[in-house]
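Participant: The following block contains the structure, expressed as structure tokens.
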Amino acid sequence: MSRSILRRAAACAVVSLAVASGAQAQAANGTASTAPAVGGLPDFTGIVQKNAPAVVHVEAKYSGKSARKAMPQARGGRGGGAMPDDPQLDIFRRFFGMPMVPSPEEQQRTSLGSGFIISSDGYILTNTHVVDDADQVTVRLQDRRTLTAKVIGSDPQYDIALLKVDAGGSLPAVSIGDSRSLKPGQWVLAIGSPFGFDYTVTQGIVSAVGRNLGSQDQPYTSFIQTDVPINRGNSGGPLFDLQGRVVGVNSQIYSNTGGYLGVAFSIPIDVAMNVVKQIKEKGYVTRGQLGVMMQPITDDIAKALKLGSNSGAAVTQVTPGSGAEKAGLRPGDIIVGYNGQPITQAADLPPLVGMTAPGSKATLSILRDGKTQDVPVTIGEMKRDGKAASAAAGGKSGPAAGGGSTALGLAVQDLDSDTRQQLGLKAGEGVLVSDVTGPVAARAGLQPGDVILMVNQQRVGSAAAFRDATKGLKPGDTALLLVRHGDQSGFIGLTIPKGDDDE
């Protein structure tokens, strides 16, 4: 199986544009008033003629330490960007677009990308990964003028950077659209500089909207997925709808070669313009924070909780003092909606919460004890580094009092007060796994040192409580454990085998 690699195409539009005969002509102002004729493609020439002057070619130069820091690296890979040995492992990789690597004597590196002018006074949007940590940034306009650009601000979490140039006059600017109105199947168009080829135009359709790439890559962004051919060098370029309005910022491609394979991702323009507004007003970007850790609902979790489906996000941990704690959320709750929008998987929630202004009210729909209820919650503010605080993992062994479950293949013992304090647990919370004695727990990945917080949504704070919670389990039953491993908590479903079937 080939490796799948998600690459940031630090410049993203491309290839060629096919225009079918008999297709509808664009109006003089670059808009499409009606749908394209059946059997033909729309004529994109009006959109290109109107908007190409507002698209720019971006060059970011690095020297010395900045040059070494800016070299492309594989997230999670080994030194030099090497990929792991597992051929089935998907890796998210970011590129600074089209790198121009000089001779060793020059000690300088240039990365090429794309961008677009959003206001006539010289504000330009591009990707953070195109200009991040650059010593010098310049942009080239369609009339071949080259201008020095100042990075006004950027946000790595959304991968949006705001530049400013002084052109000594009014510049052509794009029209901003509404990415929330996009639907799969709609025509879209990209303009950018793939491989350094300025003003390359490509077209395609919206393949999906609200595409979440999970915690590995930009968890607070719901991407627009398209089949528009974009490549390295296109990142930061605009994605247009048929009305000639920008609906997205081209950012990433999914590929096992580094080139276009038919799957591309763009940041919704609504997200990008929210970043622009915050940078202009505050100089930085804030995101909302609910104060929970979640995980997807597996078949075992759904079986243990007697859920009708695997939809929703299972709450595994609630941050003390957060809006979620104040609203009464607790581990084991299943979040199925946020402000009226369904949550079908855990990755759906972070982008919605992140775009919510800190201090505002939101309504969570949760499933608890088999019943759905709405819970009002006040959204907090995420730390600007985007990282949640974590408790230290305790390394001490607990006292002698112990017990366990033969059916689950676990031996446990009480936690001492010091270890609880290190883990951020309250008195009477949790029991320490002292040994894994059977295949059921071993296959689930449990190991000595883990802390079990709940059994079938019942809190356990001692070895005796653990024995009581598990003594009624029979072959075929599934026990749902809330387990703390290091500073992370998650649900694990353990199904007791019938006879020797699973041994």
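Laboratory data are not the source of any read-out in this text; all were calculated from the coordinates shown. What you see is a predicted model; the values in this text were computed from it and never measured. For neighbour counting, all protein chains shown are included, and Cβ atoms are generated from backbone atoms with ideal geometry for every residue, glycine included.
Participant: Please work out the FRET efficiency for the pair Glu325 and Leu261, using the Cβ-Cβ distance as r and a Förster radius of 45 Å; give the result to the nearest 0.05. Please report the intermediate quantities before stating the final value.
Facilitator: Working: r = 44 Å, r/R0 = 0.98.
After rounding to 0.05, the efficiency reads 0.55.
Participant: Here's a follow-up. For segment 107-131 and segment 183-257, what is the separation of their C-alpha centers, rounded to whole Å?
Facilitator: Comparing the Cα centres of segment 107-131 and segment 183-257, I get a distance of 16 Å.
Participant: Quick one: of Lys303/Lys383; Lys282/Lys361; Lys164/Lys282, which pairs are farther than 24 Å apart, Cα to Cα?
Facilitator: Values: Lys303/Lys383 36 Å; Lys282/Lys361 22 Å; Lys164/Lys282 16 Å.
Violating the 24 Å limit, Cα to Cα: Lys303/Lys383.
Participant: Rounded to whole Å and sorted largest first, what semi-axes of the equivalent ellipsoid does the C-alpha gyration tensor of segment 288-381 yield via the square root of 5 times each eigenvalue? Don't jump to the answer; show the numbers that get you there.
Facilitator: Numbers: eigenvalues 90, 33, 27 Å².
Working from the Cα gyration tensor, I get semi-axes of 21, 13, 12 Å.
Participant: Return a whole-number percent for the relative contact order of segment 402-495, with Cα pairs under 8 Å and 6 or more residues apart as the contact set. The partial results should precede the final answer.
Facilitator: Working: 199 pairs, mean separation 25.6, N = 94.
Over segment 402-495, the number comes to 27 percent.
Participant: Hey, another quick one. Whole-Hz Karplus ³J(HN,Hα) for segment 131-144, in order, using 6.51 cos²θ - 1.76 cosθ + 1.60 and θ = phi - 60°, x for Gly and Pro?
Facilitator: Taking θ as phi minus 60°, the curve returns 10, 4, 6, 6, 7, 8, 10, 10, 10, 10, 8, 5, 7, 6 Hz for segment 131-144.
Participant: What distance in nm lies between label points placed 7 Å from Cα along the C-beta direction at Ser360 and Ser119?
Facilitator: Distance between label points: 2.1 nm.
Participant: Mind giving me the nanometre distance, one decimal, between the label points for Arg145 and Asp435, set 7 Å out from Cα along Cα→Cβ?
Facilitator: Output for this residue pair reads 7.8 nm.
Participant: Oh, and also: Find out how many positive minus negative residues lie around Phe466, taking Lys and Arg as positive, Asp and Glu as negative, among other residues whose Cβ is under 12 Å from that of Phe466.
Facilitator: Numbers: positive: Arg459, Arg467, Lys471; negative: Asp414, Asp468.
Taking every other residue near Phe466 into account, the sum is +1.
Participant: Something else now. How many nm is it between the label spots at Asp416 and Asp166, if each spot is 7 Å from the Cα in line with the beta carbon?
Facilitator: Placing both labels 7 Å along Cα→Cβ, they lie 6.6 nm apart.
Participant: All other residues with a Cβ under 12 Å from the Cβ of Pro376 taken together, and with Lys, Arg as +1 and Asp, Glu as -1, what is their net charge? Please report the intermediate quantities before stating the final value.
Facilitator: Numbers: positive: Lys326, Lys361; negative: Asp374.
It works out to a net charge of +1.
Participant: Count charges around Ser309 for me, please; just the other residues with Cβ under 12 Å from its Cβ, Lys/Arg as +1, Asp/Glu as -1. Don't skip to the end; give the middle numbers.
Facilitator: Values: positive: Lys303, Lys306; negative: Asp299.
Within the 12 Å Cβ shell, the charges total +1.
Participant: So if each residue of separation counts as 0.36 nm, and I subtract the Cα-Cα distance between Ala208 and Gln243, what length gain in nm does that give? Don't skip to the end; give the middle numbers.
Facilitator: Values: separation 35, 0.36 × 35 = 12.60 nm, distance 1.92 nm.
Taking 0.36 nm per residue and subtracting the Cα distance, the gain is 10.7 nm.
Participant: Out of residues 5 or more away from Gln317 or on other chains, whose amide H comes under 5 Å of its own, with H placed 1.01 Å from N in the peptide plane?
Facilitator: Met293
Participant: If you don't mind, another one. Work out the FRET efficiency for Arg443 and Lys371 from their Cβ-Cβ distance, taking R0 = 51 Å, and round it to the nearest 0.05. Display every interim value, and only then the final one.
Facilitator: Values: r = 33 Å, r/R0 = 0.64.
Calculated transfer efficiency: 0.95.
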